[in-house]
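Take a look at the structure below.
The values are calculated or read from the model by the stated rules, or taken from the named source; none is laboratory data. Everything numeric here is computed off the predicted structure, so don't read it as measured data. Ideal geometry is used to build each Cβ from the backbone, glycine not excepted, and the neighbour counts take in all protein chains shown. Surface accessibility is based on the protein's heavy atoms, side chains included, excluding ligands, DNA and RNA. Shrake-Rupley method; radii C 1.70, N 1.55, O 1.52, S 1.80 Å.
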Amino acid sequence: MKRYIAVILAYSLNSIKVSIQSRAGAIAFLTGKMLRFGLSALFLYFLMQQTKFLAGYTLEQTFLFFLTFNIIDSISQQLYREVYRFRPHIVSGDFDMILVKPIHPFVRVLVGGVDILDTIPTLLYIGGAAFIIQRIGMLSPEQILWYILLVINGLVIATAFHILVLAMGIISTEVDHTIMIYRDITRMGYFPIDIYEEPVRSILTFILPIGIMMSFPVKALLGMLAPQWILVAFLFSAGSLVISLRLWRAAMAKYQSASS
Amino acid sequence: MRKYLLLARATLKTYLAYRVNFIMWRIRSMLTLVMLYFLWSQAVVGKSEIAGYAPAEIYTYIFLANFLNATVLSSRVDQLAGDILNGTIINHLLKPFSIFSLIGTREVVDKMVNILFSIAEIALFISIFRPPLAFPADPIAVLGFLAFLLLALVLSFYVSFALSMLAFWTAEVWAPRFIFLILISMLAGSLFPLDLFPPVLYNVMLLTPFPYMVYVPAKIFVDGITPQVLDFAIFGLGWLGLVASLAHMSWLRGMKEFSFFGR
Amino acid sequence: MITVKNLYKTYQTPLRTGNFITDTFNRRYKSHTAVQGISFSIGENELVGFIGPNGAGKTTTLKMLAGILFPTSGTIDILGFTPFDKETAFLKQIGFVMGQKNQLIWDLPPTDTFSVNKEIYEIPEAEYRKRLGELTDMLNAATFLNQPVKTLSLGQRMKCELLSSLLHAPKILFLDEPTIGLDIFAQSSIRKFIKEYQQEYRATIILTSHYMQDVQQLADRVILLDAGSIIYDDTLEKLMQSQSQTKCVTITMTGTNPDLPAIVRKFEHEYMYPQLRVYVPKKRLAEVLGALVELDYLDVTVENEPIEDIIKKFYQQK
């Protein structure tokens with residue numbers, strides 16, 4: 001375990017060095033993200049000025065959904081940045097060089113490019129969410145605990161998604177875009193899942209689990225989620241993680257017995 | 001003429017080669033449409049108007065914005081930056097017809113494919129969800145829409161072209177392009193009508209080139225010809241002139257400074 | 001140290017019909033046996049060269065030995081481990097370098113990749129410094145270790161790939177075409193290094209290469225593969241002796257273009273004035289030379305047949 005942490009730190013240090021090298025690019029990336037966040041927040045604010053409520057949620061509550069989406073999205077992007085660069089490793093065959101290392105390949109291809117610079121927006125989103133939670137007030141410690149646990153639960157689902165993308169990257173050559181589909185679909189979780197009408201809402205909640213990932217934490221915080229749904233959320237994330245790991249193993253077996 | 005047809009066919013063929021890319025771009029567009037549709041349908045619940053738009057008008061706006069997004073903002077001019085960076089632009093320059101005919105033909109084909117898909121998608125969407133729609137009473141509004149659509153197309157082309165020209169001077173062209181894409185996605189008006197914002201912010205936005213790509217044509221279709229259209233025309237044409245001359249100048253300068261050797 | 005018994009590897013490659021739907025849902029496979037029941041064993045500090053044309057199964061065998069590929073059948077025992085189990089204790093004792101593949105971080109200097117490897121292999125600081133110093137000297141790499149990898153020449157990059165795979169002092173080193181694409185100077189310095197490294201650190205090295213020079217100068221023993229089977233496994237000298245009963249005489253003439261002596265026409269020869277090349281059995285060398293020196297000549301050389309030709313002939317006989 002100590003070795004794993006040391007290696008991940010060494011990789012992260014290297015990715016900082018790479019960003020420092022292309023400073024202009026890194027700053028542009030950060031600026032772009034902040035611009036998008038700022039403008040989306042403004043839009044949401046002025047929309048809410050007009051409507052007062054969105055699917056029954058107040059301005060503060062809607063913002064909490066929006067911030068929670070950003071927290072989960074930002075952390076998973078920050079941790080799993082390397083997944084975006086996985087295909088070239090397979091195409092060039094450099095993946096072989098990763099496999100002969102005495103360490104699990106995930107250390108390289110999943111968390112081998114942690115982007116420290118992204119901590120800035122992540123902290124900003126967390127700070128914003130904390131500020132709103134404090135403003136809403138009158139929330140019990142349990143509700144806040146459920147919120148945190150369900151955010152982590154959302155991150156577990158995101159992890160499963162990313163592992164799935166890696167597995168697909170090995171199995172098929174036509175899936176360079178799986179990760180983009182993932183990002184586009186999760187973007188539907190910008191707003192509370194309740195804005196969608198059936199059957200779209202159910203599809204988004206359970207099949208493409210945006211609801212469980214992005215909306216459940218806030219609903220639990222606001223005391224609007226029955227305990228059985230919390231249980232479903234945890235079972236869902238555990239299940240998706242197991243399935244994605246199975247697929248990864250199957251993909252590896254295929255790579256190691258079929259590729260040349 | 002034959003040359004252009006052959007070129008158009010070659011462009012269409014590259015769609016087959018990159019069909020997954022294209023499908024992804026369309027899926028993204030449809031997902032955005034689904035999200036916006038439901039967002040606005042919640043926003044207008046129980047209201048006769050929101051920010052001056054009746055429900056039928058707001059639905060019309062977002063469908064139009066989606067269509068304009070596909071038409072105006074789809075472009076392959078950004079390939080030019082890559083061609084300049086890796087030097088393959090030389091191959092285009094050595095061919096017996098101008099690189100602008102090549103780019104132009106590619107753009108026309110690209111936009112026609114996108115328009116076709118966009119219309120089909122929106123028609124499908126409308127037939128499923130059957131939202132109320134508002135059509136302009138005055139046919140002049142449609143003409144105004146078409147005129148400003150043309151302006152939007154040319155403006156967007158030159159913005160993309162000018163950004164690609166940066167490749168003559170720096171390898172990190174993607175950084176400014178990334179920021180521009182974000183500004184366009186937020187400020188062009190493809191997600192919401194810009195007059196949702198308070199007047200001060202709205203007027204500041206109108207000073208930038210972005211609203212003339214999506215918001216302005218859609219607004220004219222929905223609202224008809226109002227006195228404001230004169231402002232739109234002045235600023236829109238002003239930006240077009242500015243960006244176009246910038247693009248032309250940087251093309252000429254870049255070609256002079258570009259070293260063909262050692263790339 | 002390494003024992004391989006009856007090793008097979010069959011690849012399943014999907015047949016592409018070009019029809020997206022059948023390719024996705026009803027994929028047909030074609031199987032191709034890359035390695036067909038090979039057996040061999042390799043002892044400590046040996047340097048063995050794998051030779052064979054493209055598709056003979058060299059790289060596949062190497063990848064199975066390193067645990068990257070799963071053997072279809074047969075057993076591999078290396079230092080008491082089965083490679084495919086990928087036990088940490090096993091992987092820490094091997095090093096793998098592929099001439100066409102890259103493990104260095106592209107945008108950063110090689111030293112940054114080295115420091116990651118230091119953590120992966122848990123190399124103690126003092127030992128890491130010492131190894132790095134020694135290897136840097138041996139490879140003459142001090143001047144470019146701090147430049148970003150993308151600015152290095154192919155030869156420099158190869159040196160860094162070697163360095164980064166050797167920091168953890170592997171007992172067994174796999175080299176898959178380490179000199180591919182390099183110019184002759186870089187090739188010879190890499191070769192020199194491999195030889196020195198084997199002697200200095202008592203490592204066991206298995207090497208594949210297309211360049212016969214590599215194998216000739218480095219390998220104590222060669223294994224010739226053809227279509228997945230071993231067709232020869234012994235020293236290179238023995239192969240040369242058994243195959244090469246022929247000498248190659250080259251003569252460069254001056255003056256007018258003469259008629260060739262009758263005896264030359266009895267043997268395989270290539271003639272393009274002013275150069276004549278004759279392949280003569282050892283026993284009849286004196287006769288031929290006697291006839292040739294009668295001509296007006298600038299220069300005469302007698303050589304063994306080039307190794308490439310010998311190997312080529314050997315393959316043709318099989």
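Being of a type in the set (Ser, Thr, Tyr) and either more than 15 Å from the chain's Cα centre (by Cα) or open to solvent by less than 10 Å² (accessible area, probe 1.4 Å) (or both): is that true of A:SER240 here?
So A:SER240 fails the test.
Tally up the residues in region C:76-92 that are on the phi < 0 side of the Ramachandran plot and facing chain A (nearest Cβ under 9 Å), please.
Number of matching residues: 7.
What number of residues within region C:245-282 satisfy the criterion of being over 17 Å from C:LEU298 (Cβ atoms) and touching a residue at least 40 places away in the same chain (Cβ under 8 Å)?
Result for region C:245-282: 3.
I'd like to check something: does region A:79-97 contain any residue that is open to solvent by less than 20 Å² (accessible area, probe 1.4 Å), at the interface with chain C (Cβ under 10 Å from one of its Cβ atoms), touching a residue at least 24 places away in the same chain (Cβ under 8 Å) and of a type outside the set (S, T, N, Q)?
yes
How about region A:10-49: which of its residues are at the interface with chain B (Cβ under 9 Å from one of its Cβ atoms), surrounded by 15 or more Cβ atoms within 10 Å (Cβ to Cβ) and either of a type outside the set (A, V, I, L, M) or in contact with a strand residue (DSSP E or B) (Cβ under 6 Å, 6 or more places away or on another chain) (or both)?
If the condition is that a residue be at the interface with chain B (Cβ under 9 Å from one of its Cβ atoms), surrounded by 15 or more Cβ atoms within 10 Å (Cβ to Cβ) and either of a type outside the set (A, V, I, L, M) or in contact with a strand residue (DSSP E or B) (Cβ under 6 Å, 6 or more places away or on another chain) (or both), then A:SER22, A:GLY25, A:PHE29, A:GLY32, A:LYS33, A:ARG36, A:SER40, A:PHE43, A:PHE46 are the ones that fit.
What residue, of A:TYR190, A:TYR196, A:TYR255, A:TYR182, is in contact with a helix residue (DSSP H, G or I) (Cβ under 6 Å, 6 or more places away or on another chain), modelled with pLDDT under 90 and closer than 23 Å to C:ASP85 by Cα?
A:TYR255
Taking helices (runs of 4 or more DSSP H) that do not extend beyond region A:171-260, which have at least 3 residues that are within 14 Å of chain B (Cβ to nearest Cβ)?
Ranges flagged: A:178-186.
Restrict the check to region C:289-303 and report whether at least one residue is out of contact with any strand residue (DSSP E or B) (no Cβ under 8 Å at 6 or more places or on another chain), among the hydrophobic types (A, V, I, L, M, F, W, C) and open to solvent by 50 Å² or more (accessible area, probe 1.4 Å).
Within region C:289-303 (the criterion being out of contact with any strand residue (DSSP E or B) (no Cβ under 8 Å at 6 or more places or on another chain), among the hydrophobic types (A, V, I, L, M, F, W, C) and open to solvent by 50 Å² or more (accessible area, probe 1.4 Å)), the answer is no, since none of the residues qualifies.
Might you check whether a residue that is open to solvent by 10 Å² or more (accessible area, probe 1.4 Å), within 14 Å of chain C (Cβ to nearest Cβ) and farther than 24 Å from A:LEU9 by Cα occurs anywhere in region A:108-122?
Taking every residue of region A:108-122 in turn, none turns out to be open to solvent by 10 Å² or more (accessible area, probe 1.4 Å), within 14 Å of chain C (Cβ to nearest Cβ) and farther than 24 Å from A:LEU9 by Cα.
So, A:LEU9, is that one under 25 Å from B:ILE50 (Cα atoms) and not hydroxyl-bearing (Ser, Thr, Tyr) or not?
No; evaluated as a whole, the condition is false for this residue.
Select the helices (runs of 4 or more DSSP H) contained entirely in region B:156-241, then report the ones holding at least 1 residues which are within 11 Å of chain A (Cβ to nearest Cβ) and modelled with pLDDT of 90 or more.
B:174-187, B:199-207
Hey, which of the strands (runs of 3 or more DSSP E) in region C:22-124, taking only ones fully inside, have at least 1 residues that are free of Cβ contacts under 8 Å to residues at least 60 places away in the same chain and loosely packed, with under 15 Cβ neighbours inside 10 Å?
Of the strands (runs of 3 or more DSSP E) lying wholly inside region C:22-124, those with at least 1 residues that are free of Cβ contacts under 8 Å to residues at least 60 places away in the same chain and loosely packed, with under 15 Cβ neighbours inside 10 Å span C:28-42.
Do we find a residue being within 14 Å of chain A (Cβ to nearest Cβ), hydrophobic (A, V, I, L, M, F, W, C) and either over 16 Å from A:GLU197 (Cβ atoms) or without any contact (Cβ under 8 Å) to a residue 24 or more places away in the chain (or both) anywhere in region B:72-79?
No, that holds for no residue.
Tell me, yes or no, whether region A:52-59 has at least one residue that is at the interface with another protein chain (Cβ under 7 Å from one of its Cβ atoms) and open to solvent by less than 60 Å² (accessible area, probe 1.4 Å).
yes
Going through B:PRO193, B:PRO211 one at a time, which residue ends up being in contact with a strand residue (DSSP E or B) (Cβ under 9 Å, 6 or more places away or on another chain) and closer than 23 Å to B:TYR61 by Cβ?
Among B:PRO193, B:PRO211, only B:PRO193 is in contact with a strand residue (DSSP E or B) (Cβ under 9 Å, 6 or more places away or on another chain) and closer than 23 Å to B:TYR61 by Cβ.
Filter region B:104-139 for residues that are part of a helix (DSSP H, G or I), of a type outside the set (A, V, I, L, M), more than 19 Å from B:THR32 (Cβ to Cβ) and open to solvent by 70 Å² or more (accessible area, probe 1.4 Å) and give the result.
Answer for region B:104-139, where residues must be part of a helix (DSSP H, G or I), of a type outside the set (A, V, I, L, M), more than 19 Å from B:THR32 (Cβ to Cβ) and open to solvent by 70 Å² or more (accessible area, probe 1.4 Å): just B:PRO139.
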